[in-house]
Amino acid sequence: MTSSKTATKGFPTSAGVWLGLGLGGFFDGIVLHQILQWHHMLTSAGYPADSVETLKVNTFWDGMFHASTYIFVAIGLAVLWRAARRPHLPWSGKMLAGSMLMGFGIFNVVEGIVNHHILQIHHVNETVPANQWIYWDGGFLLWGAAMLIGGRLLLNAGKRDTAAPPSS
C-alpha cells in the first residue's frame, strides 16, 4: 500500500509551459499576422505580402504555424488533464499562470531569435522602415524575457503558497 505522500504529485509545470507556448504562438499569429498584418511567416524570406501569389504562400505557412501552436495547446491540456486526474497536492493558480507566462516568454524568445535574427524570415513590424525593424525585434525579445522571468517568479510564489503549512 502506498502512502498518501507517495501517491500525491506536484503541479505539472510542463502543462503550463506547453499551454503558454501555444497561446504565445496564437497571440503572434492572430494579432501580429492577421489583425495588425505587420508580417507573415515568410515576408522577409522572398515572399512579401504584395501579391496574391506571395500572400497564398504566406497564408499556407501561417496556417502551418497555427497548426503547431494548436498541437502545443493540445499537449498542455493532455498533461494537465492527466495530472489533474491523480491525487495531488493543492495547486495555486499562480503556478498555472506563472508556468503559462513562462511558456509564452519562451515562445517569444525562441521565435524571436530563430525567425527574426538567425533565419530572418520575418520581423515583428515590417510596416515601419527596415532600419527600424531591429528595435521591434529587440522589443519582442525583451517582452519575452520579461514574461519568462515574471512567470518564473509567479510560479515560485505559487510553490511557496502551496508549500506553506496551513495556519491554525
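The values are calculated or read from the model by the stated rules, or taken from the named source; none is laboratory data. Since we're looking at a predicted model, the values are computed, not measured. Methodologically, a virtual Cβ is constructed for each residue, glycine included, from the backbone with ideal geometry; neighbour enumeration extends over all protein chains shown.
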**Filter pass, Ser99 being among the hydroxyl-bearing types (Ser, Thr, Tyr), modelled with pLDDT of 95 or more, touching a Phe, Trp or Tyr at 6+ places or on another chain (Cβ under 9 Å) and at negative phi** = yes
**Item:** Number of the exception - Leu119 against (1) in contact (Cβ under 8 Å) with a residue 60 or more places away in the chain; (2) within 15 Å of the chain's Cα centre (by Cα)
**Value:** (2)
**Request:** Could you check how many residues of the stretch 137-153 are within 21 Å of Met95 (Cβ to Cβ) and crowded, with 19+ Cβ neighbours inside 10 Å?
**Result:** 4
**Complete:** Over the stretch 74-88, the set of residues over 19 Å from the mean Cα position of the chain (by Cα) and surrounded by 12 or more Cβ atoms within 10 Å (Cβ to Cβ) is Arg82, Ala83, Ala84, His88
**Verdict on Val124 being β-branched (Val, Ile, Thr), under 30 Å from Tyr47 (Cα atoms) and touching a His at 6+ places or on another chain (Cβ under 8 Å)** = yes
**Complete:** Flagged pairs (Cβ under 8 angstrom, 6 or more apart or on separate chains; first in the stretch 132-145, without any contact (Cβ under 8 Å) to a residue 24 or more places away in the chain and under 13 Å from Asp28 (Cα atoms); second crowded, with 16+ Cβ neighbours inside 10 Å and among the hydroxyl-bearing types (Ser, Thr, Tyr)) are none
